[in-house]
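Asks: Take this structure first; my questions come after.
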Amino acid sequence: MPVLPAGEIERVFRAEYARAVAVLVRVFGDIDVAEEAVQDAFAAAVRRWPETGLPPSPAGWIITTARNRAIDRLRREASREDRHAQAALLHAGGEPIEEGPVRDDRLRLIFTCCHPALAPAAQVALTLRLLGGLTTEEIAHAFLVSETTMAQRLVRAKGKIRDARIPYRVPSDADLPDRLKAVLAVVYLIFNEGYSASSGDRLVREDLCAEAIRLGRLLAELMPDEPEVMGLLALMLLTESRRAARATPEGALVLLADQDRGRWDRELIAEGQALVRRCLRRDQPGPYQIQAAINAVHSDAPSAAATDWRQIVQLYDQLLAIAPSPVVALNRAVAVAEVEGPQAALALVDGLDLGDFQLFHAIRAELLRRLGRADEAARAYDEAIARGGNAAEREFLRRSRAVLR
């Protein structure tokens, strides 16, 4: 009897879910049909593969099974005079091969979900659900809203696409720049969820990091003259270069200051820094380019003590000027603590309205610890622990709190 390693179906799910959904959306032109069919196919895999073993092409098996399940479902519904089902079935029958500037199914679906008829937040949330494979809870965490609010937002977005008959087609060259902002936001949020998982036992989801970088490279090929595309790719590469040093072999979180920089990936650093230099020569600064420049400064430092924190503060000043947000101000405060001390940074942090944000409480706890205000630091650590979805981050915060005693 074939032996299927534990977790193998889950690995295939994480690796192939987005591709399968993207292909099925292209074939049927309907989000709900595609999602349900792919989920049915994976449910069938859970029942069958432990007995038959992994097929030669797991992705092909999933897509073929999902397509057949969808056609069967649509035929049943079409027989009940469901016009929507009939239209989807006709769409599937032709299976047109679209030509245009976007030929990757997943990247194409990102662009089509980022249609201007949808609100920007809905564009990003829906694409994270379909392409990133993120749960509603994970997307809500990324947007700093409740899970209920996000679920309603996703339902409304799907409903608008259905009711407004928004087409799933490749956008023209002229349409690409208008959708770029939302597309970049989606790719970066997928990367962030991979690099710092908002829930579960694992600190990092390598599959999401790899997929976001793959999409970033495709965007750079598609739009080589867009400096923010280069900036985002540089930012992801420079951040990814530190991943191996970000956790101990046991999976415990290691802060940037304590990482073994000898484990940083020098090839990724070189590629990311080269992209940052290209951005600087263009002199059209944008949020992703500035964040990439900040990470380039970190990657230049041979040790944490040698980091040019003044330059980082200046870059955050520039970032706040063109893309002001409380989260940017919070990260700037961390740099200010290294230049002006923890008291100056705490004054900045306490002026921010980020009470529902875990990192706000974690940073505040660290600043209070450095100031010797142990009781207040303990309460701040408790607030951060209560809001932490990732087991590795919660454990790090617990250890930090324990040291206070």
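Asks: Taking 35 Å as R0, compute the FRET efficiency from the Cβ-Cβ separation of residue 43 and residue 398 and round it to 0.05.
Replies: Values: r = 37 Å, r/R0 = 1.06.
Calculated value: 0.40.
Asks: Putting +1 on Lys and Arg Cβ atoms and -1 on Asp and Glu Cβ atoms, find which of 297, 13, 210 reaches farthest to the positive end of the dipole of the chain.
Replies: Among 297, 13, 210, the one farthest towards the positive end of the dipole of the chain is 13.
Asks: Comparing 309, 264, 61, which has the greatest mean-square fluctuation in the GNM of the chain with Cα pairs linked when under 10 Å apart?
Replies: Comparing 309, 264, 61 in the GNM, the peak value goes to 61.
Asks: Measuring from label point to label point, each 7 Å out along Cα→Cβ, what is the residue 356 to residue 221 span in nm?
Replies: The modelled label-to-label distance comes out at 4.0 nm.
Asks: Give a residue-ordered list of calculated ³J(HN,Hα) values for region 284-296 (Karplus: 6.51 cos²θ - 1.76 cosθ + 1.60, θ = phi - 60°; whole Hz; x for Gly, Pro).
Replies: 10, x, x, x, 6, 5, 5, 5, 5, 5, 4, 5, 5
Asks: If you don't mind, another one. With label points built 7 Å along Cα→Cβ from the Cα atoms of residue 339 and residue 284, find their separation and express it in nm.
Replies: 2.8 nm
Asks: With every protein chain present, what accessible area does residue 158 have (1.4 Å probe, heavy atoms only), rounded to the nearest 10 Å²?
Replies: 40 Å²
Asks: For residue 254 and residue 274 in the same chain, what is the full-extension length gain: residue separation times 0.36 nm, less their Cα-Cα distance, in nm? List each step's numbers first, then the result.
Replies: Working: separation 20, 0.36 × 20 = 7.20 nm, distance 2.69 nm.
4.5 nm is the gain from fully extending residue 254 to residue 274.
Asks: With label points built 7 Å along Cα→Cβ from the Cα atoms of residue 320 and residue 382, find their separation and express it in nm.
Replies: Taking the two extended label points, one gets 3.1 nm.
Asks: How much solvent-accessible surface does residue 350 expose, in Å² to the nearest 10, with a 1.4 Å probe and all protein chains in place?
Replies: Accessible area, nearest 10 Å²: 80 Å².
Asks: What percent does the relative contact order of the chain come to when contacts are Cα pairs within less than 8 Å and at least six residues apart?
Replies: On the way: 533 pairs, mean separation 44.6, N = 405.
Over the chain, the number comes to 11 percent.
Asks: In whole Hz, with x marking every Gly and Pro, tabulate ³J(HN,Hα) for region 59-65 from phi via Karplus 6.51 cos²θ - 1.76 cosθ + 1.60, θ = phi - 60°.
Replies: 5, x, 4, 4, 5, 5, 5
Asks: For the chain, what does -39500 (n - 2.57) per DSSP helix run (n ≥ 4), summed and divided by total residues, give at 222 nm, in deg cm²/dmol to the nearest 500?
Replies: On the way: 19 runs with 280 residues, N = 405.
Result for the chain: -22500 deg cm²/dmol, rounded to the nearest 500.
Asks: Okay, moving on. Counting only the backbone N, which residues of region 325-347 are under 20 Å from the spot 7 Å out from the Cα of residue 304 toward its beta-carbon?
Replies: Under cut-off, by backbone N: 330-346.
Asks: Taking amide H positions as placed in the peptide plane 1.01 Å from N, state which residues far from residue 247 in sequence (5 or more) or on other chains have amide H under 5 Å from it.
Replies: Answer set, sorted by chain and number: 254.
Asks: The list [x] 1.11; [y] 1.00; [z] 0.97 gives values of Rg/Rh (Cα atoms, Kirkwood Rh), and only one came from this structure; which label was calculated from it?
Replies: Derived directly from the coordinates: [y].
Asks: Something else: On full extension of the chain, what length is gained from residue 206 through residue 76, given 0.36 nm per residue of separation minus the C-alpha to C-alpha distance? Provide the component values of the computation, followed by the final result.
Replies: Details: separation 130, 0.36 × 130 = 46.80 nm, distance 3.98 nm.
Working it through step by step, the gained length comes to 42.8 nm.
Asks: So, one more: I'd like to check one number: the per residue accessible area of the chain, probe 1.4 Å, reported in Å² as a whole number.
Replies: Solvent-accessible surface per residue comes out at 48 Å².
Asks: While we're here: Rounded to a whole number, what % of the accessible area of region 226-283 do carbon and sulfur atoms account for, probe 1.4 Å? The partial results should precede the final answer.
Replies: Values: 1380 of 2810 Å².
C and S atoms contribute 49 percent here.
Asks: Between residue 267 and residue 32, take the C-beta separation as r, use R0 = 41 Å, and let me know the FRET efficiency to the nearest 0.05.
Replies: That gives a FRET efficiency of 0.45.
The values are calculated or read from the model by the stated rules, or taken from the named source; none is laboratory data. Because the structure is predicted, anything quoted here is derived from the model rather than measured. Cβ sites come from the backbone with ideal geometry, for glycine too, and all protein chains shown count toward neighbours. For accessibility, only protein heavy atoms count, side chains too; no ligands or nucleic acids. Shrake-Rupley method; radii C 1.70, N 1.55, O 1.52, S 1.80 Å.
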